[in-house]
Amino acid sequence: RKLLLSNLHYPDSVYVNSDNKKDFKVMHQTVHGNVDMKKYGLANINQYIEELWDYLTVYYYLEDSFKSLILWRSKTTIPIPVPRLIPLSMRWVSLSMPLHSLMAFLCLIGMVENPELMPTFFFGSIGWILMATMEYRTSGPDPWDRCKSFQHYFWSLIWGDGLIKPHYIESNENIERIKEREKAWKKRVKDAERKAEEYALEQEQYWKEMEALGDIDDDLCVVKKKFTFNPTKAYLYPIQQWLGWIINALRITKNIVIWEESYISFWFAAVSFLLSVLSLFVPWSLIVKWTMRITVYVFFGPWMKLVDIYYIQVDEAEESERNDRQKSERQEYLADQILQAQIVRENNTKLLDFKQYMFGEHITKVNIMKKDRFTDKPLPESSAVVYKPEKKSLGSIAMQEAGYHTVRVDGQHLVGEMIPKIHEMPSTTAPIGKPTKKVDEDIPNYNDSYSIAVAKVGTIIVGATILSVFFVPNLLGIFSGLISKDMHA
């Protein structure tokens, strides 16, 4: 839950320093790849353009999805409980039905009959698209290509624990289905490229036949100009920077849509569904009607002549005074912005100097969001097992937290304004504020018995109650009797 909630705000930038040039090259290549795309080069521009062309493959996904939606081909598996009399139990049956087509049909009927519900369906469609892409990935045969579901994160948000538990992945799991799916997709793309080439050849033949007709332009003063382009850095480097910004935006958007950034995808889907529900209670038709009324009556009435007389048509003195006032306000705002920018530059310069002094002169910025062009995933021959940490008592965990036989290397994150220092993190696996109940689930490194702890605490409470109810009054009675005898004596 804490990790899920941390994605509600944009994290701070992370920089890694190194005092060795070779280590810096390794870090930079690991983070940014083998080619530095920030440097000017025609090869970098060509790579950006090639990646933009690769994004056109989304057309195949959209075409298949649209056909599946319109022709009711989509199949969604829904578990349905079926009671059994002998023996008396409940059996779950998987039912496949075109749920997405049915939902689209019902929503479009509602929107056509009630146009004021368009904002509701707009917000709901965003979450619906994200849920469809999530279903496409979770239902795939490749276990390494699956993502965590919306239900998993929703369960984590409510109960603090995920719905999907770690599971084993066998080597070559579903390998035949994976190969069959990859083969079908490659055939799909190859057929589309072949049709595109055939269409291009047809168009080329058509224009050759049109050229045989000759030029029939009757404008005698038309001059044929040749396109020239000077490939210099002054012209191409800004284009490369803009292409880089567009590519990064497309990569982040793609990762959110296909649930590579699954935490952010969950929040987008959840907020979309929430806005869709809240929009049901907003009287959109009334708002639009009164907005148009107010706009017409306020800005198009005859009283706008008064605005023209007393505000628009002013004499030169008033106009000069107003211009001077606006200029003064603009200068004050600009001076404040310059001061704030200077403070930010000074803080950044100071932080850079401290990091270079403490950790090394070479610095690399680590990407916060996933901006890689290609996603790395294990091969089908790979396998995975559930990690089961060694059980430890609270005493062992406390000794580990105190640093006994433990060496912790702090990171390079600096905190502080005047004198930055390294941000220290607690080195413990014991959760804070967790009850000792269900320790096997909440504290994997803890094996103390909950029943023993209850018995100890219960014994103390019962003993204190007995002493307070029976022993203390009797003891007070004995002391009072002794004191009264001494006084009579």
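Within segment 331-369, the residues that satisfy the criterion of being open to solvent by less than 70 Å² (accessible area, probe 1.4 Å) and basic (Lys, Arg) are LYS350, LYS355. A single member of SER382, SER427 is open to solvent by less than 50 Å² (accessible area, probe 1.4 Å), at pLDDT below 70 and not β-branched (Val, Ile, Thr), and it is SER427. Of the residues making up segment 305-317, at least one is of a type in the set (Lys, Arg) and at pLDDT below 85. Has segment 209-229 got at least one residue that is open to solvent by 100 Å² or more (accessible area, probe 1.4 Å), assigned to a helix (DSSP H, G or I) and at pLDDT 70 or above? Checking segment 209-229: not a single residue is open to solvent by 100 Å² or more (accessible area, probe 1.4 Å), assigned to a helix (DSSP H, G or I) and at pLDDT 70 or above. Scan segment 236-249 residue by residue and report those that are surrounded by 15 or more Cβ atoms within 10 Å (Cβ to Cβ) and either under 23 Å from the mean Cα position of the chain (by Cα) or aliphatic (A, V, I, L, M) (or both). The answer is LEU236, LEU243, GLY244, ILE247.
The values are calculated or read from the model by the stated rules, or taken from the named source; none is laboratory data. Model, not experiment: these values are computed from the prediction. Neighbour counts run over all protein chains shown; Cβ positions are idealised from the backbone, glycine included. Remember, those area values only see protein heavy atoms, side chains included, never the ligands or the DNA or RNA. Shrake-Rupley method; radii C 1.70, N 1.55, O 1.52, S 1.80 Å.
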